[in-house]
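In what follows, a single structure is set out as structure tokens and then discussed.
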Amino acid sequence: MNPLIRQPSGRHFLQIPGPTNVPDRVLRAMKRGGVLVNLGRGPTLVEADLVRALREHWIRGAALDVFDTEPLPPQHPYWALDNLLLSPHCADY
């Protein structure tokens, strides 16, 4: 199954059927102006791949409410990215 679903509107939605890691090839398949939003589970993404995608501008940005390790450690590379919006796992409110 291809988790990247293209819509007639030109938007893309990533549908993850269960616990998995989104491979970097999916991030590379997104449009350069795309924004990834993860409100599901931290381990859904390979954090190192997302950091690389954001640093190299494969995508425009990302917004995360979940991480592999919570709370997010102070030395985590996410903190240095200006194209990443971080939320302290409270998107359900």
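The single condition from (1) in a helix (DSSP H, G or I); (2) surrounded by 12 or more Cβ atoms within 10 Å (Cβ to Cβ); (3) of a type in the set (G, A, S) that A62 fails is (1). When the residues of the range 38-48 are filtered to those that are in a helix (DSSP H, G or I) and under 9 Å from the mean Cα position of the chain (by Cα), the one that is farthest from L81 (Cα to Cα) is T44.
Does T69 satisfy the condition of being part of a loop (DSSP other than H, G, I, E, B), at pLDDT 75 or above and of a type in the set (S, T, Y)? Yes; evaluated as a whole, the condition is true for this residue.
Each row is one residue, and each column tells you yes or no for (1) at pLDDT below 75; (2) out of contact with any helix residue (DSSP H, G or I) (no Cβ under 6 Å at 6 or more places or on another chain); (3) polar (S, T, N, Q); (4) in a loop (DSSP other than H, G, I, E, B).
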| position | (1), (2), (3), (4) |
| --- | --- |
| N2 | yes, yes, yes, yes |
| S9 | yes, yes, yes, yes |
| G18 | yes, yes, no, yes |
| L36 | no, yes, no, no |
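The values are calculated or read from the model by the stated rules, or taken from the named source; none is laboratory data. This structure is a prediction, so every number in the text was calculated from the model and none was measured. Reconstructed Cβ throughout: ideal geometry from the backbone, glycine too, with neighbour counts over all protein chains shown.
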